[in-house]
1. Can you tell me which residues in the range 234-284 are more than 16 Å from ligand 1 (Cβ to nearest atom), crowded, with 19+ Cβ neighbours inside 10 Å and not assigned by TED's automatic domain parsing to the domain that holds ASP223?
2. When the residues of the range 207-233 are narrowed to those that are crowded, with 18+ Cβ neighbours inside 10 Å and polar (S, T, N, Q), which ends up farthest from LYS156 (Cα to Cα)?
3. If you check GLU244, GLU239, which single one turns out to be closer than 19 Å to LYS148 by Cβ, within 13 Å of ligand 2 (Cβ to nearest atom) and modelled with pLDDT of 95 or more?
4. Which members of the range 268-305 meet the condition of being touching a strand residue (DSSP E or B) at 6+ places or on another chain (Cβ under 8 Å) and either of a type in the set (Val, Ile, Thr) or in a strand (DSSP E or B) (or both)?
5. Restricting to the range 400-424, name every residue that is open to solvent by 60 Å² or more (accessible area, probe 1.4 Å), in a helix (DSSP H, G or I) and farther than 30 Å from PHE380 by Cβ.
6. For the range 5-31, which positions are in a strand (DSSP E or B) and within 16 Å of ligand 1 (Cβ to nearest atom)?
7. Keeping to the range 209-224, report how many residues are in a strand (DSSP E or B) and under 22 Å from ASP181 (Cβ atoms).
8. From the list GLU429, GLU444, pick out the single residue that is open to solvent by 30 Å² or more (accessible area, probe 1.4 Å), under 20 Å from GLU282 (Cα atoms) and not assigned by TED's automatic domain parsing to the domain that holds SER301.
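The values are calculated or read from the model by the stated rules, or taken from the named source; none is laboratory data. These numbers come from a predicted model, not from an experiment. Please note: Cβ atoms are built from the backbone with ideal geometry, for glycine as well, and neighbour counts cover all protein chains shown. Side chains are part of the model used for accessible areas, which takes the heavy atoms of the whole protein and leaves out ligands, DNA and RNA. Shrake-Rupley method; radii C 1.70, N 1.55, O 1.52, S 1.80 Å.
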Amino acid sequence: MLLYNTLTKKREEFVPITPGKVSIYVCGPTVYDFIHIGNARPMIVFDTLRRYLEHKGYEVNYVSNFTDVDDKIIKKSIEEGISSQEVSERYIKECRQDMEHMNVRPATVHPRATQEIDGMIEMIDTLIEKGYAYEKNGTVYFSTRKDKEYGKLSHKNLDDLRSGGRDLLVSGEDEKEDPLDFVLWKPKKEGEPFWRSPWSDGRPGWHIECSVMSRKYLGDTIDIHAGGEDLVFPHHENEIAQSECCNGVPFARYWLHNAFLNIDNHKMSKSLGNFFTVREIEQHYDLQVLRLFMLSAHYRSPLNFSDKLMESAKSSLERIRNAVDNLNFRIANAKNTSMNEDESAKAGELSGFTKQFDEAMDDDINTADALAVIFDLVRFANSEVKEDSSQAFARAVKDEILMLGEILGMKFERKEEVLDDQIEALIEERQAARKAKNFARADEIRGQLAQMGITLLDTREGVKWKRN
Ligand code: AMP
Ligand code: ZN
């Protein structure tokens, strides 16, 4: 399998450290709000990589963190008059729900930064001891000049960066010895959450979190480290610096970065305000449509979000689901159970689709081409499975479609029709839970309904619902 490695700027044959096993670390979201569909892109893309590696027979250890201590979380906690822990707990729960609805499997481990502080203090301590970090008035900085390899991931010209470096100085960080030095530990400000450390009561910098969590759950050297391309510099560059200077061995062998999800050709982001949350999209679409839309482009190509492309993804999904419906009808109504000779020969062609699919995925996760193979297979199904086809043949074709879909995290079989009565009963139970101030149960029911494809609308006339 070829993977494009940001570190070498080449497509390289993927060879894991331990045969048959793959370790992956994907930088996760900062949990201060609902995730937007830009954040969903790495989740969907790298979940697909994980599924594909498992399909190839690898055992995958997949770690993705939640950053649960951060300025934005603290700001939100002050605005809402609750603790930052309450803010992060809430949005971790919401994020997990979004992941589930996008069919993004939970990671093997989802470490949280606040639960790994001891490891961070230990790593910072080692970096100071080895001469790679220094302390000034309770703040600890990493000394980028001490690391001879600094800049190797982003391939940036450090002199240029340093000469424009005054801009890099953040207020309160003016004691840095070099504009490119970055914070490993910073003292608390009034009212902020803090932990005891040898340098000050304070909290870790963002980059050290991932170095520590990756090492703890996956080891000193891992196979794949991934995230969005905005993380290449400084986040991943800094992670490499910390980990390699501390551990003395390479940090990650393959660095994978997805391109941006854009809107009107600008990066979708919270700060620009040009975003849609996954939850908003779920009001209008089955999130399988969102997943198909994301996979319709190569992960290293920018993808522009538009209603037109979402509508096109919706009709593509519908086309595949209709084919599966037809196959189900044929399976239920076939006169013959087993295949005749002609059918056996035709069924032999199915492995050719798997082969083409694998070739596309082996080509740096080319999900767009992999989807094209599925559409070819749908055409095959529509033309080859007929009224007189046997049950076994129709089933073999259907299994092939579902199997390839599953590798992409796509569910091509329609959900069972949910009855109005069932929905009404759940809504009533939710109203009762709300009345009894059991908001946890009420939220749970809302989530359950969302998963059934039902959206609740709180209107002046009471709660209404609609199918997505
Ligand atoms: P953040 O919470 O901003 O650290 O982002 C979490 C993950 O989402 C990181 O891997 C980011 O690179 C990624 N990300 C954020 N915005 C976008 C976007 N518009 N397109 C693609 N990836 C994004
Ligand atoms: Zn990270």
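1. Answer for the range 234-284, where residues must be more than 16 Å from ligand 1 (Cβ to nearest atom), crowded, with 19+ Cβ neighbours inside 10 Å and not assigned by TED's automatic domain parsing to the domain that holds ASP223: just GLU282.
2. SER214
3. Numbers: GLU244 fails: within 13 Å of ligand 2 (Cβ to nearest atom).
Only one candidate passes the filter, namely GLU239.
4. Selection gives THR277, VAL278, LEU303, ASN304.
5. Filtering the range 400-424 down to residues open to solvent by 60 Å² or more (accessible area, probe 1.4 Å) leaves 403, 406, 411, 413-417, 419-422, 424.
Filter again for in a helix (DSSP H, G or I), leaving 403, 406, 420-422, 424.
Matches in the range 400-424: ASP420, ASP421, GLN422, GLU424.
6. Passing the criteria: ILE24, TYR25, VAL26, THR30.
7. Quick first cut of the range 209-224, residues in a strand (DSSP E or B) only: 222-224.
Narrowing further to those that are under 22 Å from ASP181 (Cβ atoms): none.
Here the count works out to 0.
8. Values: GLU429 fails: under 20 Å from GLU282 (Cα atoms).
GLU444 is the lone residue from the list that is open to solvent by 30 Å² or more (accessible area, probe 1.4 Å), under 20 Å from GLU282 (Cα atoms) and not assigned by TED's automatic domain parsing to the domain that holds SER301.
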